[in-house]
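Scroll down for the structure; my scribbles are underneath it.
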Amino acid sequence: MQKIVTVIGARPQFIKAAAVSRAFAGVKGLQELILHTGQHFDDNMSKVFFDQMSIPRPAYNLGVHSMDHGAMTGAMLTGIEKILKAERPDLVLVYGDTNSTLSGALAASKLGIPVAHVEAGLRSYNMSMPEEINRIVTDRLSTLLFCPTITAVQNLNKEGYEAFGKTILLTGDVMYDAMLIYRHIAHPPSGIQLPASFVLATIHRAENTDDPGRLRNIIESLNAMAETSAVVLPLHPRTRKYIQQGGMPALNSGITVTSPLGYLEMIYLLEQCKMVVTDSGGLQKEAYFINRPCITVREETEWTELVEAGCNTICGSKKDTILKAFNHYIDKEVNFPPGLYGNGDASEQIVQALLNR
C-alpha cells in the first residue's frame, strides 16, 4: 500500500484535487491523505469547495495564511515537514504554482520523499510573478511531472528536464475532468438577481490589485462595458479591500457585485455569460471548456494555446486594448477547437501512473 500526502491550500487546487481524489477512491494499493495549508481559509474561498465537490476532509490543516510570501512559505514548510516526518508517505502530490505547492515540494525533497507535480511545465516567462518562481522550483524538485498540454511538455524538454532523470507525462488537464464531473450540478448563486445577459469578470492577482494605476484602468474598462452590457463581478477580498480604500472610480450601476462564489455557482455563471474578463489562470481554461471568449487582463498567459486559437486575448491593463477586445468578441463568432486539454481522463492517468511507478 502506497501512502500519498496531497498538499493543497488555494481555491484552484481544491478544484484540481477534487477530480484526482475521486480517481483515488476505490483504487486498491493507494492511500491518500490531504494536507490543507490554510492559504485560502474563509468559507467562500475554502470550505464551500470541500462541501460542494465532496472532497475528502483534510487529515491536517495548518491554518497558515495572511502573511508575506517569505513568512507564509516558511511557516508552511515547517508545518508540512513535521507532518511528513510523522506520516512517512511514499510520495507527496502537489498542484499548480502557489506557496503551498512550493512548500510541499521543498519539505518532501529535503526529506528524500519523491514529489509528483500536477500542472507541471507551465511557463509565463515573467519572473516577477511569484507563481512563476514557484512552478519552476517545483518542477525542478519533482520526480513525476504531469503536464496538461503539449506546450508544457515542450517547455520541460527545452529546459532539459529529461536529462535530470524526470518522468514527464502528458495527461491533459484535471480542471477539464472537474468540469465534466460537476457541470451537470451547477446552480445559480442564492440571493442574487442575475441579468439576462452579462459579462463575467474576476480580478484578484496582486499585479493588478496592488497597482493603483492598473486597477483603475481595469475598473474603468468594466464601467465602460457596463454602459452597453451588464457585468457580474464576484469580488475577491483583496480586490474589495483596495477598492474600499478609495481613490478608485465608483463602480457603474450596471455592475452586479457578489462575494466570492463556490465552484458550482461559478460554472453556472460561465454557462450564462457571453464572455469572460479575468486575470485568473483557471478561469481562462474554464471559459474555453464552456465555449466562452476570454479577455485576459495580464501581460502574458501560461495558456498560450488559447491565444493561438483566437478564443483568448491578452490585453494587460490598457483600457483601449481591453475595450477593443470586448467589441471584437461582441461582434464576432469565435471558434473553439476541441481537445486542447485532453479527453477528460487526466485524473485516471495520474492515479495509474502513481500506482505503477
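List of remarks:
The rows are residues; the columns are (1) out of contact with any His (no Cβ under 9 Å at 6 or more places or on another chain); (2) on the phi > 0 side of the Ramachandran plot; (3) surrounded by 22 or more Cβ atoms within 10 Å (Cβ to Cβ); (4) modelled with pLDDT of 95 or more.
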| site | (1), (2), (3), (4) |
| --- | --- |
| Thr202 | no, no, yes, yes |
| Ser221 | yes, no, yes, yes |
| Leu270 | yes, no, no, yes |
| Ala287 | yes, no, yes, yes |
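- Enumeration of residues in segment 112-140 that are crowded, with 20+ Cβ neighbours inside 10 Å, among the hydrophobic types (A, V, I, L, M, F, W, C) and under 15 Å from Leu156 (Cα atoms): Ala116, Val118, Ala120, Leu122
- Tally of residues being of a type in the set (Gly, Ala, Ser) and either in contact with a Cys (Cβ under 6 Å, 6 or more places away or on another chain) or farther than 20 Å from Ile15 by Cα (or both) across segment 241-289: 6
- The residues of segment 48-67 that are of a type in the set (A, V, I, L, M) and buried (at least 18 other Cβ atoms within 10 Å of the Cβ), listed by number, are Val48, Met53, Ile55, Leu62, Val64.
- Residue match in segment 228-235 (condition: surrounded by fewer than 18 Cβ atoms within 10 Å (Cβ to Cβ) and assigned by TED's automatic domain parsing to the domain that holds Leu323): yes
- Search result, residues across segment 156-168 that are touching a strand residue (DSSP E or B) at 6+ places or on another chain (Cβ under 8 Å), surrounded by fewer than 17 Cβ atoms within 10 Å (Cβ to Cβ) and either hydrophobic (A, V, I, L, M, F, W, C) or farther than 15 Å from Leu122 by Cβ (or both): Glu162, Thr167
- Among the residues listed as Ile113, Ile150, the single one being in contact with a strand residue (DSSP E or B) (Cβ under 8 Å, 6 or more places away or on another chain), within 26 Å of Met1 (Cβ to Cβ) and among the aliphatic types (A, V, I, L, M): Ile113
- Filter result (touching a strand residue (DSSP E or B) at 6+ places or on another chain (Cβ under 9 Å) and not in a loop (DSSP other than H, G, I, E, B)) within segment 169-190: Leu169, Leu170, Val174
- Residue pairs whose Cβ atoms lie under 7 Å apart, separated by 6 or more positions or on different chains, with the first residue in segment 132-156 and over 20 Å from Ile8 (Cβ atoms) and the second among the β-branched types (Val, Ile, Thr) and at pLDDT 95 or above, are Thr151/Thr304; Val153/Ile168; Leu156/Ile168.
- For segment 110-138, the tally of residues that are within 16 Å of Leu170 (Cα to Cα) and touching an Asp or Glu at 6+ places or on another chain (Cβ under 8 Å) stands at 6.
- Tyr60 vs. criteria aromatic (Phe, Trp, Tyr) and either touching a Leu at 6+ places or on another chain (Cβ under 6 Å) or not assigned by TED's automatic domain parsing to the domain that holds Glu348 (or both): yes
- Looking only at segment 200-223, residues that are of a type in the set (S, T, N, Q) and within 22 Å of Glu132 (Cβ to Cβ) come to 3 in all.
- Breaking point among (1) within 21 Å of the chain's Cα centre (by Cα); (2) crowded, with 22+ Cβ neighbours inside 10 Å; (3) in a helix (DSSP H, G or I), for Val153: (2)
- In a residue-by-residue description of segment 194-205, the property of being under 28 Å from Thr73 (Cα atoms), of a type in the set (S, T, N, Q) and within 19 Å of the chain's Cα centre (by Cα) applies to at least one position.
Yes or no, residue by residue, for (1) surrounded by fewer than 17 Cβ atoms within 10 Å (Cβ to Cβ); (2) free of Cβ contacts under 8 Å to residues at least 60 places away in the same chain; (3) closer than 23 Å to Arg216 by Cα:
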{"residue": "Asn291", "(1), (2), (3)": "yes, yes, no"}
{"residue": "Thr296", "(1), (2), (3)": "no, yes, yes"}
{"residue": "Cys311", "(1), (2), (3)": "no, yes, no"}
{"residue": "Ile314", "(1), (2), (3)": "no, yes, yes"}
{"residue": "Asp320", "(1), (2), (3)": "yes, yes, yes"}
{"residue": "Val334", "(1), (2), (3)": "yes, yes, no"}
{"residue": "Pro338", "(1), (2), (3)": "yes, yes, no"}
{"residue": "Ser347", "(1), (2), (3)": "no, no, no"}
{"residue": "Gln352", "(1), (2), (3)": "yes, yes, no"}
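- Tally of residues being closer than 20 Å to Ala353 by Cβ and either without any contact (Cβ under 8 Å) to a residue 12 or more places away in the chain or under 22 Å from the mean Cα position of the chain (by Cα) (or both) across segment 77-99: 5
- Boolean, Asn335 is more than 20 Å from the chain's Cα centre (by Cα), among the polar types (S, T, N, Q), farther than 16 Å from Ala224 by Cα and assigned to a loop (DSSP other than H, G, I, E, B): yes
The values are calculated or read from the model by the stated rules, or taken from the named source; none is laboratory data. Just so we're clear, the structure is a prediction, and the values are computed from it rather than from any experiment. Using ideal geometry, Cβ is built from the backbone for each residue, glycine included, and neighbour counts are taken over all protein chains shown.
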